[in-house]
1. Here's a check for you: in segment A:44-54, which residue that is more than 8 Å from chain B (Cβ to nearest Cβ) and out of contact with any Leu (no Cβ under 8 Å at 6 or more places or on another chain) is most open to solvent (accessible area, probe 1.4 Å)?
2. If B:Pro232 passes every condition in (1) under 27 Å from B:Phe81 (Cα atoms); (2) more than 16 Å from the chain's Cα centre (by Cα); (3) open to solvent by less than 10 Å² (accessible area, probe 1.4 Å) but one, which one does it miss?
3. Are any of the residues in segment B:93-109 out of contact with any Ser or Thr (no Cβ under 9 Å at 6 or more places or on another chain) and at pLDDT 90 or above?
4. Can you name the number of the only condition in (1) open to solvent by 10 Å² or more (accessible area, probe 1.4 Å); (2) farther than 22 Å from B:Leu208 by Cβ; (3) within 12 Å of chain A (Cβ to nearest Cβ) that B:Thr261 fails?
5. Looking only at segment B:179-212, count every residue that is open to solvent by less than 10 Å² (accessible area, probe 1.4 Å) and away from chain A (no Cβ under 14 Å) and tell me the total.
6. Among B:Gly53, B:Gly73, B:Gly62, which is the only one that is out of contact with any Lys or Arg (no Cβ under 7 Å at 6 or more places or on another chain), small (Gly, Ala, Ser) and modelled with pLDDT of 75 or more?
7. Only one residue in A:Pro57, A:Pro104, A:Pro63 is open to solvent by less than 40 Å² (accessible area, probe 1.4 Å) and not hydrophobic (A, V, I, L, M, F, W, C), so which one is that?
8. Just to confirm my filter: which helices (runs of 4 or more DSSP H) fall fully inside segment A:38-139 and include at least 1 residues that are in contact with a Ser or Thr (Cβ under 7 Å, 6 or more places away or on another chain) and touching a residue at least 40 places away in the same chain (Cβ under 8 Å)?
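The values are calculated or read from the model by the stated rules, or taken from the named source; none is laboratory data. Values in this document were obtained by computation on a predicted structure and should not be read as measured data. Cβ: placed from backbone, ideal geometry, glycine included. Neighbour counts: every protein chain shown. Side chains included, ligands, DNA and RNA excluded: accessible areas come from the protein's heavy atoms. Shrake-Rupley method; radii C 1.70, N 1.55, O 1.52, S 1.80 Å.
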Amino acid sequence: MDVNTAASAADLERDEVRVYANLLYYGMVAGFVLLLASFAAYLFGWLPAFVAPQELPRLWGLPVAQYLQQSHSPSGWGWLAQAGHGDFSNLVGIVVLVGCSLPPLLALVPLFLKQRDRAYAIICALEVLVLLLAASGVLGAGH
Amino acid sequence: MPAFLDAPLRRLLPALVLLMMAMPALAAGETASSSLPWWFWPLALFVTCFLIGIVAVPAGIGGGTLFVPIVGGFFPFHLDFVRGAGLLVALASALAAGPMLLRSGLANLRLALPLALLASISSIAGAMLGLALPANAMQIALGVIVLAIVALMLVTKKAEHPEVAQPDPLAAALGIHGVFFDGASGQFARWQVHRTPLALFLFLLIGLIGGLFGIGAGWANVPVLNMVMGAPLKVAAGTSGLILSLSSASASWYYINSGATLPMIAVPSVIGMILGARIGAHLLHVLKSSHIRKMVIVLLAFAGLRAILKGTGLWM
(Lines give C-alpha, C1' and ligand atoms only; values in the text may rest on other atoms or scores of the structure.)
Protein backbone atom coordinates (compact mmCIF):
# COMPACT_ATOMS: atom_id res chain seq x y z
CA MET A 1 0.00 0.00 0.00
CA ASP A 2 1.54 3.33 -1.07
CA VAL A 3 1.48 6.51 0.98
CA ASN A 4 -1.46 7.98 -0.88
CA THR A 5 -3.54 4.83 -0.51
CA ALA A 6 -2.77 4.56 3.20
CA ALA A 7 -3.64 8.22 3.73
CA SER A 8 -6.87 7.77 1.80
CA ALA A 9 -7.91 4.73 3.74
CA ALA A 10 -7.27 6.54 7.02
CA ASP A 11 -9.20 9.54 5.76
CA LEU A 12 -12.25 7.48 4.84
CA GLU A 13 -12.29 5.72 8.18
CA ARG A 14 -12.24 8.84 10.30
CA ASP A 15 -14.29 8.48 13.44
CA GLU A 16 -16.40 11.50 12.62
CA VAL A 17 -17.54 10.01 9.30
CA ARG A 18 -18.27 6.58 10.75
CA VAL A 19 -20.25 7.95 13.69
CA TYR A 20 -22.23 10.44 11.61
CA ALA A 21 -23.05 7.92 8.86
CA ASN A 22 -24.13 5.19 11.30
CA LEU A 23 -26.36 7.41 13.43
CA LEU A 24 -27.89 9.02 10.34
CA TYR A 25 -28.60 5.58 8.87
CA TYR A 26 -30.38 4.29 12.00
CA GLY A 27 -32.45 7.47 12.31
CA MET A 28 -33.38 7.37 8.64
CA VAL A 29 -34.44 3.70 8.77
CA ALA A 30 -36.48 4.30 11.95
CA GLY A 31 -38.19 7.27 10.30
CA PHE A 32 -39.10 5.34 7.15
CA VAL A 33 -40.42 2.34 9.09
CA LEU A 34 -42.60 4.58 11.29
CA LEU A 35 -43.80 6.50 8.24
CA LEU A 36 -44.81 3.35 6.32
CA ALA A 37 -46.52 1.77 9.34
CA SER A 38 -48.45 4.91 10.28
CA PHE A 39 -49.51 5.60 6.70
CA ALA A 40 -50.81 2.04 6.35
CA ALA A 41 -52.78 2.52 9.59
CA TYR A 42 -54.20 5.79 8.23
CA LEU A 43 -54.99 4.48 4.74
CA PHE A 44 -56.65 1.24 5.88
CA GLY A 45 -58.53 2.90 8.71
CA TRP A 46 -56.80 0.98 11.52
CA LEU A 47 -56.60 4.32 13.33
CA PRO A 48 -59.46 6.85 13.17
CA ALA A 49 -58.73 9.92 11.05
CA PHE A 50 -58.92 13.44 12.50
CA VAL A 51 -59.89 14.74 9.04
CA ALA A 52 -61.66 12.03 7.02
CA PRO A 53 -59.89 11.31 3.70
CA GLN A 54 -63.18 11.95 1.85
CA GLU A 55 -63.13 15.51 3.25
CA LEU A 56 -59.63 16.28 2.00
CA PRO A 57 -60.44 17.22 -1.65
CA ARG A 58 -62.62 20.04 -0.25
CA LEU A 59 -59.78 21.29 1.94
CA TRP A 60 -56.39 20.67 0.32
CA GLY A 61 -56.81 23.47 -2.21
CA LEU A 62 -57.07 26.07 0.57
CA PRO A 63 -54.14 28.11 1.96
CA VAL A 64 -52.78 26.49 5.11
CA ALA A 65 -54.34 29.08 7.48
CA GLN A 66 -57.84 28.43 6.07
CA TYR A 67 -57.24 24.68 6.03
CA LEU A 68 -56.39 24.70 9.75
CA GLN A 69 -59.42 26.83 10.53
CA GLN A 70 -61.92 24.77 8.53
CA SER A 71 -60.58 21.36 9.56
CA HIS A 72 -60.08 22.46 13.20
CA SER A 73 -56.56 21.04 12.98
CA PRO A 74 -53.90 22.12 15.49
CA SER A 75 -50.67 23.84 14.46
CA GLY A 76 -47.24 23.85 16.10
CA TRP A 77 -46.71 20.81 18.34
CA GLY A 78 -50.46 20.60 19.01
CA TRP A 79 -50.63 17.59 16.71
CA LEU A 80 -48.90 15.48 19.40
CA ALA A 81 -52.11 15.43 21.45
CA GLN A 82 -53.88 14.02 18.36
CA ALA A 83 -51.19 11.45 17.45
CA GLY A 84 -53.69 8.65 18.07
CA HIS A 85 -55.46 9.71 14.89
CA GLY A 86 -54.30 8.10 11.64
CA ASP A 87 -53.43 11.35 9.85
CA PHE A 88 -51.48 12.89 12.75
CA SER A 89 -49.74 9.58 13.54
CA ASN A 90 -47.87 10.08 10.24
CA LEU A 91 -46.22 13.16 11.68
CA VAL A 92 -44.34 10.91 14.14
CA GLY A 93 -42.44 9.27 11.26
CA ILE A 94 -42.02 12.62 9.50
CA VAL A 95 -40.61 14.24 12.65
CA VAL A 96 -38.17 11.35 13.16
CA LEU A 97 -36.98 11.76 9.54
CA VAL A 98 -36.68 15.54 9.81
CA GLY A 99 -34.92 15.27 13.18
CA CYS A 100 -32.62 12.37 12.39
CA SER A 101 -29.62 14.64 11.75
CA LEU A 102 -29.68 15.89 15.35
CA PRO A 103 -28.15 12.81 17.08
CA PRO A 104 -25.22 12.55 14.62
CA LEU A 105 -24.53 16.29 14.91
CA LEU A 106 -24.60 16.09 18.72
CA ALA A 107 -22.29 13.09 18.64
CA LEU A 108 -19.78 15.03 16.54
CA VAL A 109 -19.36 17.86 19.09
CA PRO A 110 -17.31 15.82 21.64
CA LEU A 111 -15.46 14.06 18.82
CA PHE A 112 -14.29 17.35 17.32
CA LEU A 113 -13.41 18.70 20.78
CA LYS A 114 -11.31 15.57 21.37
CA GLN A 115 -9.47 16.35 18.13
CA ARG A 116 -9.03 19.95 19.41
CA ASP A 117 -11.01 21.11 16.40
CA ARG A 118 -13.03 23.83 18.12
CA ALA A 119 -14.21 25.45 14.88
CA TYR A 120 -16.11 22.33 13.78
CA ALA A 121 -17.39 21.63 17.29
CA ILE A 122 -18.89 25.15 17.30
CA ILE A 123 -20.31 24.72 13.76
CA CYS A 124 -22.02 21.44 14.79
CA ALA A 125 -23.37 23.00 18.00
CA LEU A 126 -24.72 25.99 16.05
CA GLU A 127 -26.37 23.70 13.49
CA VAL A 128 -28.06 21.81 16.35
CA LEU A 129 -29.27 25.12 17.80
CA VAL A 130 -30.66 26.23 14.41
CA LEU A 131 -32.51 22.93 13.97
CA LEU A 132 -33.87 23.03 17.53
CA LEU A 133 -34.96 26.63 17.09
CA ALA A 134 -36.79 25.71 13.87
CA ALA A 135 -38.33 22.66 15.55
CA SER A 136 -39.47 24.58 18.63
CA GLY A 137 -42.00 26.64 16.70
CA VAL A 138 -40.96 29.87 18.45
CA LEU A 139 -40.11 31.49 15.11
CA GLY A 140 -43.71 32.43 14.54
CA ALA A 141 -45.05 29.36 12.79
CA GLY A 142 -48.63 28.56 13.53
CA HIS A 143 -51.77 30.38 12.61
CA MET B 1 -31.58 -7.58 -24.59
CA PRO B 2 -31.58 -8.05 -28.42
CA ALA B 3 -29.49 -5.38 -30.11
CA PHE B 4 -32.29 -4.35 -32.49
CA LEU B 5 -34.49 -3.52 -29.46
CA ASP B 6 -31.79 -1.75 -27.53
CA ALA B 7 -31.67 1.57 -29.40
CA PRO B 8 -35.46 2.08 -29.74
CA LEU B 9 -35.92 1.19 -26.05
CA ARG B 10 -33.30 3.70 -24.99
CA ARG B 11 -35.14 6.42 -26.89
CA LEU B 12 -38.70 5.42 -26.13
CA LEU B 13 -38.46 4.57 -22.45
CA PRO B 14 -37.72 8.11 -21.22
CA ALA B 15 -40.45 9.54 -23.46
CA LEU B 16 -42.91 6.95 -22.14
CA VAL B 17 -41.97 7.75 -18.55
CA LEU B 18 -42.46 11.49 -19.10
CA LEU B 19 -45.77 10.92 -20.89
CA MET B 20 -47.03 8.80 -17.99
CA MET B 21 -45.85 11.51 -15.59
CA ALA B 22 -48.12 13.97 -17.39
CA MET B 23 -51.19 11.70 -17.29
CA PRO B 24 -52.52 12.75 -13.87
CA ALA B 25 -52.01 16.34 -14.98
CA LEU B 26 -54.07 15.71 -18.11
CA ALA B 27 -56.75 14.05 -16.01
CA ALA B 28 -56.79 17.10 -13.76
CA GLY B 29 -57.20 19.38 -16.73
CA GLU B 30 -60.05 17.50 -18.31
CA THR B 31 -62.04 16.46 -15.27
CA ALA B 32 -63.13 18.60 -12.39
CA SER B 33 -61.09 17.49 -9.40
CA SER B 34 -64.22 17.33 -7.25
CA SER B 35 -65.72 14.60 -9.45
CA LEU B 36 -62.81 12.25 -8.82
CA PRO B 37 -62.69 10.00 -5.75
CA TRP B 38 -60.35 11.22 -3.00
CA TRP B 39 -57.97 8.27 -3.43
CA PHE B 40 -57.28 9.20 -7.07
CA TRP B 41 -54.99 12.08 -6.08
CA PRO B 42 -52.68 10.29 -3.60
CA LEU B 43 -52.44 7.42 -6.09
CA ALA B 44 -51.68 9.79 -8.98
CA LEU B 45 -49.17 11.54 -6.74
CA PHE B 46 -47.45 8.26 -5.91
CA VAL B 47 -47.24 7.29 -9.61
CA THR B 48 -46.03 10.76 -10.64
CA CYS B 49 -43.36 10.82 -7.92
CA PHE B 50 -42.29 7.28 -8.79
CA LEU B 51 -41.75 8.42 -12.39
CA ILE B 52 -40.03 11.64 -11.32
CA GLY B 53 -37.72 9.51 -9.16
CA ILE B 54 -36.84 7.33 -12.17
CA VAL B 55 -35.88 10.23 -14.45
CA ALA B 56 -34.35 12.49 -11.76
CA VAL B 57 -31.32 10.26 -11.19
CA PRO B 58 -30.20 9.89 -14.85
CA ALA B 59 -31.06 13.56 -15.49
CA GLY B 60 -28.72 14.55 -12.65
CA ILE B 61 -31.32 16.73 -10.92
CA GLY B 62 -32.90 16.40 -7.49
CA GLY B 63 -36.42 14.98 -7.38
CA GLY B 64 -37.56 17.95 -5.28
CA THR B 65 -36.70 20.35 -8.11
CA LEU B 66 -39.13 18.55 -10.43
CA PHE B 67 -41.72 17.84 -7.72
CA VAL B 68 -42.84 21.38 -6.79
CA PRO B 69 -43.38 22.80 -10.29
CA ILE B 70 -45.09 19.64 -11.60
CA VAL B 71 -47.30 18.90 -8.59
CA GLY B 72 -47.89 22.62 -7.89
CA GLY B 73 -48.90 23.21 -11.49
CA PHE B 74 -51.05 20.19 -12.26
CA PHE B 75 -52.51 18.87 -9.00
CA PRO B 76 -55.37 20.47 -7.06
CA PHE B 77 -53.33 21.00 -3.86
CA HIS B 78 -52.55 24.48 -2.55
CA LEU B 79 -48.93 25.50 -3.08
CA ASP B 80 -48.41 25.71 0.72
CA PHE B 81 -48.87 21.92 1.01
CA VAL B 82 -46.91 21.21 -2.18
CA ARG B 83 -43.91 23.15 -0.86
CA GLY B 84 -44.12 21.39 2.51
CA ALA B 85 -44.17 18.01 0.75
CA GLY B 86 -41.44 19.12 -1.68
CA LEU B 87 -39.02 19.79 1.17
CA LEU B 88 -39.75 16.37 2.66
CA VAL B 89 -39.21 14.72 -0.74
CA ALA B 90 -35.85 16.47 -1.10
CA LEU B 91 -34.93 15.59 2.50
CA ALA B 92 -35.92 11.91 2.21
CA SER B 93 -34.00 11.52 -1.07
CA ALA B 94 -30.91 13.09 0.52
CA LEU B 95 -31.20 10.94 3.66
CA ALA B 96 -31.66 7.71 1.71
CA ALA B 97 -28.32 8.16 -0.05
CA GLY B 98 -26.44 10.09 2.69
CA PRO B 99 -24.91 7.34 4.85
CA MET B 100 -23.64 5.36 1.83
CA LEU B 101 -22.14 8.47 0.21
CA LEU B 102 -20.42 9.42 3.48
CA ARG B 103 -18.90 5.97 3.96
CA SER B 104 -17.62 5.92 0.36
CA GLY B 105 -15.97 9.34 0.75
CA LEU B 106 -18.16 10.93 -1.93
CA ALA B 107 -19.87 13.15 0.65
CA ASN B 108 -17.52 15.19 2.82
CA LEU B 109 -18.56 16.37 6.29
CA ARG B 110 -15.94 19.13 6.59
CA LEU B 111 -17.01 20.58 3.26
CA ALA B 112 -20.73 20.24 4.02
CA LEU B 113 -21.04 21.51 7.61
CA PRO B 114 -20.06 25.22 7.27
CA LEU B 115 -22.11 25.60 4.07
CA ALA B 116 -25.09 23.70 5.53
CA LEU B 117 -25.12 25.94 8.61
CA LEU B 118 -25.66 29.09 6.54
CA ALA B 119 -28.11 27.34 4.17
CA SER B 120 -30.09 26.05 7.18
CA ILE B 121 -30.45 29.54 8.66
CA SER B 122 -31.51 31.14 5.38
CA SER B 123 -33.87 28.27 4.46
CA ILE B 124 -35.90 29.02 7.61
CA ALA B 125 -36.11 32.65 6.48
CA GLY B 126 -37.20 31.40 3.03
CA ALA B 127 -39.91 29.19 4.57
CA MET B 128 -41.22 32.10 6.68
CA LEU B 129 -41.33 34.34 3.62
CA GLY B 130 -42.94 31.65 1.45
CA LEU B 131 -45.85 31.08 3.83
CA ALA B 132 -46.40 34.83 4.24
CA LEU B 133 -46.64 35.68 0.53
CA PRO B 134 -49.89 35.34 -1.48
CA ALA B 135 -50.25 32.15 -3.54
CA ASN B 136 -50.39 33.82 -6.97
CA ALA B 137 -47.20 35.81 -6.28
CA MET B 138 -45.52 32.56 -5.19
CA GLN B 139 -46.69 30.78 -8.38
CA ILE B 140 -45.23 33.52 -10.58
CA ALA B 141 -41.97 33.59 -8.59
CA LEU B 142 -41.81 29.77 -8.77
CA GLY B 143 -42.24 29.91 -12.55
CA VAL B 144 -39.46 32.46 -12.86
CA ILE B 145 -37.07 30.46 -10.66
CA VAL B 146 -37.87 27.21 -12.54
CA LEU B 147 -37.11 28.92 -15.88
CA ALA B 148 -33.88 30.22 -14.32
CA ILE B 149 -33.02 26.63 -13.32
CA VAL B 150 -33.65 25.55 -16.93
CA ALA B 151 -31.27 28.28 -18.13
CA LEU B 152 -28.70 27.19 -15.53
CA MET B 153 -29.01 23.56 -16.66
CA LEU B 154 -28.43 24.63 -20.26
CA VAL B 155 -25.39 26.84 -19.67
CA THR B 156 -23.63 25.30 -16.65
CA LYS B 157 -20.44 23.48 -17.38
CA LYS B 158 -19.09 20.74 -15.15
CA ALA B 159 -15.55 19.63 -14.49
CA GLU B 160 -14.72 16.13 -13.24
CA HIS B 161 -11.56 17.30 -11.46
CA PRO B 162 -11.29 21.11 -11.36
CA GLU B 163 -7.81 22.52 -10.89
CA VAL B 164 -7.34 24.13 -7.46
CA ALA B 165 -3.77 25.39 -7.20
CA GLN B 166 -4.04 26.48 -3.59
CA PRO B 167 -6.80 26.45 -0.98
CA ASP B 168 -8.05 29.82 0.26
CA PRO B 169 -7.09 30.78 3.85
CA LEU B 170 -10.54 29.90 5.28
CA ALA B 171 -10.60 26.46 3.61
CA ALA B 172 -7.06 25.85 4.85
CA ALA B 173 -7.98 26.92 8.40
CA LEU B 174 -11.07 24.67 8.40
CA GLY B 175 -9.12 21.77 6.90
CA ILE B 176 -11.51 21.34 3.97
CA HIS B 177 -9.79 18.81 1.77
CA GLY B 178 -9.98 15.10 1.25
CA VAL B 179 -9.48 12.04 -0.87
CA PHE B 180 -11.99 9.84 -2.62
CA PHE B 181 -11.83 6.63 -4.57
CA ASP B 182 -12.62 7.31 -8.22
CA GLY B 183 -14.24 4.14 -9.55
CA ALA B 184 -13.71 5.27 -13.17
CA SER B 185 -9.91 5.56 -12.88
CA GLY B 186 -9.55 2.97 -10.12
CA GLN B 187 -7.39 5.37 -8.08
CA PHE B 188 -7.61 7.55 -5.00
CA ALA B 189 -7.78 11.25 -5.89
CA ARG B 190 -6.87 14.12 -3.58
CA TRP B 191 -8.85 17.36 -3.65
CA GLN B 192 -8.95 20.80 -2.03
CA VAL B 193 -11.18 23.84 -2.46
CA HIS B 194 -10.92 27.61 -2.91
CA ARG B 195 -13.25 30.67 -2.90
CA THR B 196 -14.88 29.48 0.35
CA PRO B 197 -16.16 32.96 1.43
CA LEU B 198 -17.95 33.41 -1.92
CA ALA B 199 -19.44 29.91 -1.65
CA LEU B 200 -20.69 30.65 1.88
CA PHE B 201 -22.51 33.73 0.55
CA LEU B 202 -23.97 31.74 -2.36
CA PHE B 203 -25.23 29.03 0.01
CA LEU B 204 -27.09 31.71 1.97
CA LEU B 205 -28.99 32.51 -1.25
CA ILE B 206 -29.46 28.82 -2.14
CA GLY B 207 -30.93 28.07 1.29
CA LEU B 208 -33.31 31.02 1.00
CA ILE B 209 -34.59 29.83 -2.40
CA GLY B 210 -34.85 26.21 -1.20
CA GLY B 211 -36.97 27.19 1.82
CA LEU B 212 -39.03 29.71 -0.11
CA PHE B 213 -40.11 27.37 -2.89
CA GLY B 214 -39.75 24.01 -1.14
CA ILE B 215 -37.49 22.76 -3.91
CA GLY B 216 -34.35 20.80 -3.26
CA ALA B 217 -31.21 22.69 -4.13
CA GLY B 218 -29.09 20.08 -5.92
CA TRP B 219 -29.39 22.16 -9.10
CA ALA B 220 -27.50 25.00 -7.37
CA ASN B 221 -25.42 23.12 -4.77
CA VAL B 222 -23.50 21.05 -7.29
CA PRO B 223 -22.44 23.94 -9.61
CA VAL B 224 -21.29 26.04 -6.61
CA LEU B 225 -19.34 23.16 -5.02
CA ASN B 226 -17.89 22.06 -8.37
CA MET B 227 -17.32 25.22 -10.42
CA VAL B 228 -16.93 27.87 -7.69
CA MET B 229 -15.12 25.91 -4.96
CA GLY B 230 -13.40 23.41 -7.25
CA ALA B 231 -14.54 20.19 -5.57
CA PRO B 232 -14.47 17.14 -7.89
CA LEU B 233 -17.85 16.55 -9.54
CA LYS B 234 -18.55 13.30 -7.67
CA VAL B 235 -17.66 14.85 -4.30
CA ALA B 236 -19.82 17.88 -5.17
CA ALA B 237 -22.81 15.69 -6.01
CA GLY B 238 -22.41 13.56 -2.86
CA THR B 239 -21.81 16.52 -0.53
CA SER B 240 -24.78 18.37 -2.03
CA GLY B 241 -27.08 15.68 -0.63
CA LEU B 242 -25.53 16.00 2.81
CA ILE B 243 -26.05 19.78 2.81
CA LEU B 244 -29.61 19.27 1.60
CA SER B 245 -30.34 16.85 4.45
CA LEU B 246 -29.65 19.70 6.92
CA SER B 247 -31.01 22.75 5.07
CA SER B 248 -34.25 20.99 4.05
CA ALA B 249 -34.70 19.77 7.63
CA SER B 250 -34.64 23.28 9.12
CA ALA B 251 -37.18 24.60 6.58
CA SER B 252 -39.31 21.45 6.99
CA TRP B 253 -39.65 22.11 10.73
CA TYR B 254 -41.18 25.50 9.93
CA TYR B 255 -43.67 23.95 7.48
CA ILE B 256 -44.57 21.21 10.00
CA ASN B 257 -45.15 23.75 12.77
CA SER B 258 -47.28 25.83 10.41
CA GLY B 259 -49.51 22.83 9.64
CA ALA B 260 -48.37 22.85 5.98
CA THR B 261 -47.32 19.19 6.01
CA LEU B 262 -50.34 17.18 4.94
CA PRO B 263 -49.58 13.44 5.29
CA MET B 264 -51.95 12.46 2.45
CA ILE B 265 -49.79 14.57 0.10
CA ALA B 266 -46.37 14.19 1.70
CA VAL B 267 -46.20 10.44 2.39
CA PRO B 268 -47.17 9.03 -1.08
CA SER B 269 -44.75 11.58 -2.59
CA VAL B 270 -41.84 10.52 -0.37
CA ILE B 271 -42.47 6.78 -0.88
CA GLY B 272 -42.96 7.15 -4.65
CA MET B 273 -39.83 9.24 -5.04
CA ILE B 274 -37.61 6.90 -3.00
CA LEU B 275 -38.81 3.81 -4.90
CA GLY B 276 -38.47 5.57 -8.27
CA ALA B 277 -34.98 6.82 -7.44
CA ARG B 278 -33.86 3.25 -6.67
CA ILE B 279 -35.14 2.09 -10.08
CA GLY B 280 -33.60 5.18 -11.71
CA ALA B 281 -30.20 4.34 -10.20
CA HIS B 282 -30.44 0.81 -11.63
CA LEU B 283 -31.51 2.14 -15.05
CA LEU B 284 -28.53 4.50 -15.26
CA HIS B 285 -26.78 2.10 -17.64
CA VAL B 286 -29.88 1.45 -19.79
CA LEU B 287 -31.22 4.96 -20.23
CA LYS B 288 -29.28 7.58 -22.15
CA SER B 289 -28.65 10.35 -19.60
CA SER B 290 -28.21 13.18 -22.12
CA HIS B 291 -31.51 12.25 -23.78
CA ILE B 292 -33.37 12.25 -20.45
CA ARG B 293 -31.72 15.48 -19.37
CA LYS B 294 -33.01 17.21 -22.53
CA MET B 295 -36.54 15.90 -21.93
CA VAL B 296 -36.45 16.96 -18.28
CA ILE B 297 -35.35 20.44 -19.36
CA VAL B 298 -38.36 20.63 -21.73
CA LEU B 299 -40.68 19.36 -18.96
CA LEU B 300 -39.29 21.87 -16.44
CA ALA B 301 -39.65 24.72 -18.94
CA PHE B 302 -43.28 23.70 -19.51
CA ALA B 303 -43.93 23.48 -15.74
CA GLY B 304 -42.26 26.87 -15.23
CA LEU B 305 -44.45 28.50 -17.87
CA ARG B 306 -47.50 26.77 -16.40
CA ALA B 307 -46.67 28.20 -12.94
CA ILE B 308 -46.38 31.74 -14.36
CA LEU B 309 -49.66 31.38 -16.29
CA LYS B 310 -51.38 29.92 -13.22
CA GLY B 311 -50.06 32.74 -11.03
CA THR B 312 -51.24 35.41 -13.46
CA GLY B 313 -54.62 33.71 -13.81
CA LEU B 314 -54.20 33.13 -17.57
CA TRP B 315 -54.35 29.32 -17.25
CA MET B 316 -56.08 28.04 -14.12
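1. For segment A:44-54, the residue satisfying everything is A:Trp46.
2. In the conditions (1) under 27 Å from B:Phe81 (Cα atoms); (2) more than 16 Å from the chain's Cα centre (by Cα); (3) open to solvent by less than 10 Å² (accessible area, probe 1.4 Å), B:Pro232 misses (1) alone.
3. Checked segment B:93-109: no residue is out of contact with any Ser or Thr (no Cβ under 9 Å at 6 or more places or on another chain) and at pLDDT 90 or above.
4. B:Thr261 satisfies every listed condition except (2).
5. Summing the residues that are open to solvent by less than 10 Å² (accessible area, probe 1.4 Å) and away from chain A (no Cβ under 14 Å) in segment B:179-212 gives 2.
6. Working: B:Gly73 fails: out of contact with any Lys or Arg (no Cβ under 7 Å at 6 or more places or on another chain); B:Gly62 fails: modelled with pLDDT of 75 or more.
One residue alone meets the criteria, B:Gly53.
7. A:Pro104
8. Passing ranges, in order: A:64-71, A:86-99.
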